[in-house]
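Here the structure comes first, spelled out in structure tokens, and everything after it is commentary.
The values are calculated or read from the model by the stated rules, or taken from the named source; none is laboratory data. None of these values were measured; they are calculated from a predicted model. All Cβ positions, even for glycine, are placed from backbone atoms using ideal geometry, and neighbour counts span all protein chains on display. Note: accessible area is taken over every heavy atom of the protein model, side chains too, but ligands, DNA and RNA are not part of it. Shrake-Rupley method; radii C 1.70, N 1.55, O 1.52, S 1.80 Å.
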Amino acid sequence: MEALERLLIDLSDIPHTTEPALVRQKSRDFFWYSPVLNRQLHGCSAQAVISPRNEADVVRVAAACFRHNIPVTARGGGTGNYGQAVPLHGGVVLDMTALDAIEWQRPGMLRVGSGRKLIDIDRETRPNGWELRMHPSTKRTATIGGFIAGGSGGIGSITWGGLREPGNVAAARIVTMEATPRVLDLREGEAQAVNHAYGTTGLITALEMPLAPAWHWIDMIVAFPTFMDAVRFGYAVALADGIVKKLLTPVGWPTPDAFRQVRAHCPDGHAILIAMIAEPSVAAFKSVLVRRHSSGTITFERPTAEAQGEVPLYEFTWNHTTLQMLKRDRSVTYLQALHPAGRLLDSVAEIETLFGDELIPHLEFLRVGGQVTASGLPIVRFTTEERLNAIIGDHRARGVSIADPHVFTLEDGVGHKQVDADQLSFKRHADPHGLLNPGKMRSFRAVE
Ligand SMILES: Cc1cc2nc3c(=O)[nH]c(=O)nc-3n(C[C@H](O)[C@H](O)[C@H](O)COP(=O)(O)OP(=O)(O)OC[C@H]3O[C@@H](n4cnc5c(N)ncnc54)[C@H](O)[C@@H]3O)c2cc1C
């Protein structure tokens, strides 16, 4: 009997499917954003999807998969880019979405099952005056476990920095991949072992997340004649610590032409700045605009609306900006850059001039190590892989780091030969046979 058949007999009481269309669907994420990954990962699939109902099921699945030597790729909402949730070596996709209980809430802190959707977390905490410190633009579909294992930051990072900043993940509870799986509570710094490790270092069952005060957020669009005008105003607001904000996103023309639901608020030929500002800070925001950046015009001002049928402005920011363009033109792709904080405006202007129409600029202001800087997520008019690599090289040569979204290993993503040393050594204990999402941590060698 095949190992997989034996596995499914062992776990027959846990919900699972081998229905090929469903398994293929649950083996995909948004890797198709990249023409390179679209070619490489096309056709990769698991053989079964198992849907644990609770942590005890996760422990049983881990033990059985270890016994039968079957790879396991965890999955939340499946919104990751770079093929993070795509099984390269078949096996089982572990659908974690049923582990969605809120275990407890305290002022400023929450403990929640890893499969809970981000939007549902905020819905539970906001009535108590709290919300997640940050979320990706996929808040309405992604899970908290997938965000920690696959994401990096997003809406809120202008105030709180990225997920990697100390203090942004309080604890992670994980199940290891061993003959007798252990359940470990990783607190504070220890939790970095699973942060952005693509599920290669443990199966996250629950998370303790620090919260932020929940403000009444106002979505704003400000139109400017040039992209650099939008950047300079965004930077001024980013540096203004007295203005409470969650999002500052300059986007160059013609990308706003693809923003169907808010197109009427994006004047032809203009760059825009998308912002989320706490209601009590809106007057100060407008004051900075009028007094110091008078070329800008507010074209949209409305409370953030997230209910079904509504479109919050954050769904035109971060990686959604690229998605909006891809809906119109499937030939474009994107990059993820980080400009040096010390010469931010010069660096942004230099890159804009260097590539002309080949790159349409888009920035996200954020804090890194306490300093305000900006991540660039430009739209790239794709021609060839060689040209794409040359563009990446041109950025790096100018001190702009690139997290390459056209590769699927952790190492290649950051352009390092080896993965984070702590994550690598943790994996040797948590997954000695390398069965968790194999192929994503290239530096790992299975322990005999
Ligand atoms: C349009 C668009 C916009 C995006 N915007 C942002 C953004 O603003 N910021 C950002 O950081 N990312 C962004 N992303 C990437 C992605 O949406 C987020 O990182 C999201 O939080 C992933 O959550 P998910 O539940 O969909 O995870 P999945 O895609 O299901 O999984 C992501 C990774 O985590 C692993 N994983 C999932 N659950 C677990 C678990 N319980 N235990 C262990 N490993 C697990 C998976 O194996 C995979 O490697 C964007 C993607 C798209 C397509």
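How compact and how long is the range 245-399, expressed as Rg and Dmax of its alpha-carbon atoms in Å?
Radius of gyration, then largest Cα-Cα span, for the range 245-399: 16.1, 49 Å.
Could you please put Leu239, Leu203 in sequence from largest to smallest accessible area, using a 1.4 Å probe?
Descending accessible area places them as Leu239, Leu203.
Treat the range 346-448 as a sphere of radius equal to its Kirkwood radius over Cα pairs and apply Stokes-Einstein at 20 °C in a medium of 1.002 mPa s; give the translational diffusion coefficient in µm²/s, rounded to a whole number. Present the calculation step by step, with values, prior to reporting the outcome.
Working: Rh = 16.0 Å.
Answer, rounded: 134 µm²/s.
Over the heavy atoms of Glu124, what accessible area does a 1.4 Å probe trace out, to the nearest 10 Å²?
90 Å²
In whole Hz, with x marking every Gly and Pro, tabulate ³J(HN,Hα) for the range 212-229 from phi via Karplus 6.51 cos²θ - 1.76 cosθ + 1.60, θ = phi - 60°.
10, x, 8, 9, 7, 8, 10, 7, 10, 10, 10, 9, 9, x, 10, 5, 5, 4
Lys/Arg Cβ at +1, Asp/Glu Cβ at -1, dipole of the chain taken about the Cα centre: which of Thr141, Met220, Met109 is farthest positive-ward?
Farthest along the dipole direction, towards plus: Met220.
Restricting to DSSP H runs of at least four residues, report the calculated mean residue ellipticity at 222 nm for the chain, -39500 (n - 2.57) per run over all residues, nearest 500 deg cm²/dmol.
So the calculated ellipticity at 222 nm is -8000 deg cm²/dmol.
Express the accessible area of the chain per residue in Å², computed with a 1.4 Å probe while the remaining protein chains stay in the model.
40 Å²
In the Gaussian network model of the chain, springs joining C-alpha atoms below 10 Å, which of Ser347, Ser287, Ser137 carries the largest mean-square fluctuation?
Comparing Ser347, Ser287, Ser137 in a Gaussian network model of the chain, the most mobile one is Ser287.
Pop a pseudo-label 7 angstrom from the Cα along the beta-carbon direction at both Ala349 and Asp120 and give the gap in nm to one decimal.
4.9 nm
Using the Karplus equation 6.51 cos²θ - 1.76 cosθ + 1.60 (θ = phi - 60°), what ³J(HN,Hα) coupling, rounded to whole Hz, does each residue of the range 268-273 give in order, writing x for Gly and Pro?
So the J values, rounded to whole Hz, are 3, x, 9, 7, 10, 10.
Helix 55-68 versus the longest principal axis of the chain: what angle, 0 to 90°, nearest 10, using Cα atoms?
The answer is roughly 60 degrees.
Cut-off 10 angstrom, C-alpha nodes, Gaussian network model of the chain. Which of Gly434, Gly129, Gly83 fluctuates the most?
Result for the chain, Cα springs under 10 Å: Gly129 fluctuates most.
Counting alpha carbon pairs within less than 8 Å and at least 6 residues apart, what relative contact order, in whole percent, applies to the chain?
Here the relative contact order equals 16 percent.
Amide H of Ala74 versus every other amide H placed in the peptide plane: which residues, excluding those fewer than 5 positions away on the same chain, fall under 5 Å?
Answer set, sorted by chain and number: Leu94, Asn437.
Note the count of lysine pairs whose C-alpha atoms are less than 14 angstrom apart in the chain, limited to pairs 8 or more residues apart or on different chains.
So the count works out to 5.
Any idea what the alpha-carbon Rg over 2.2 N^0.38 Å comes to for the range 289-354?
In units of the 2.2 N^0.38 Å rule of thumb, it is 1.49.
So if I take the centroid of the Cα atoms in the range 1-52 and the same for the range 121-182, what is the distance between those two points in Å?
The distance from the Cα centre of the range 1-52 to that of the range 121-182 comes to 25 Å.
Taking all protein chains together and a probe of 1.4 Å, list Asp10, Asp219, Asp357 from the most accessible to the least accessible. Mind dumping the intermediate values first?
On the way: Asp10 65, Asp219 5, Asp357 125 Å².
Largest accessible area first, the list is Asp357, Asp10, Asp219.
How far apart, in nanometres, would the label points at Glu306 and Ala3 be if each is projected 7 angstrom from Cα along the Cα-to-Cβ direction?
Using points 7 Å along Cα→Cβ, the separation is 4.1 nm.
Heavy atoms only, 1.4 Å probe, whole protein assembly: order Phe382, Phe300 by accessible area, highest first.
Most to least solvent-accessible, the answer reads Phe382, Phe300.
Gap in Å between the Cα centre of the range 199-240 and the Cα centre of the range 398-430?
Going from one Cα centre to the other spans 24 Å.
How many nm separate the modelled label positions at His216 and Gln105, each set 7 Å beyond the Cα in the direction of the Cβ?
The two pseudo-label positions are separated by 1.9 nm.
Given a Förster radius of 25 Å and the C-beta distance between Thr297 and Asp241 as r, what FRET efficiency does 1/(1 + (r/R0)^6) yield to the nearest 0.05?
0.45
Considering only Phe355, Phe147, Phe227, give the residue with the highest GNM mean-square fluctuation for the chain, with springs between Cα atoms whenever their separation is below 10 Å.
Phe355
Expressed as an acute angle from 0 to 90° and rounded to the nearest 10, what is the orientation of the C-alpha long axis of helix 385-397 relative to the principal long axis of the chain?
For helix 385-397, the angle is close to 70 degrees.
Would you mind calculating the gained length between Arg263 and Ala397 on full extension (0.36 nm times residue separation, minus the Cα-Cα distance), in nm to one decimal?
Gain in length upon complete extension: 44.6 nm.
Quick one: what are the phi-derived ³J(HN,Hα) couplings along the range 174-179, Karplus 6.51/-1.76/1.60 with θ = phi - 60°, whole Hz, x for glycine and proline?
Karplus values, whole Hz, x for Gly and Pro: 10, 10, 8, 10, 9, 4.
Using the Cα gyration tensor of the chain, with a ≥ b ≥ c the square roots of its eigenvalues, what is the shape: rounded (a/c below 1.5), prolate (a/b larger than b/c) or oblate (neither)?
Taking the square roots of the gyration eigenvalues as a ≥ b ≥ c, the chain is prolate.
With the full set of protein chains in place, find how many percent of the accessible area of the chain is carbon and sulfur; take the probe as 1.4 Å.
Answer for the chain: carbon and sulfur cover 52 percent of the accessible area.
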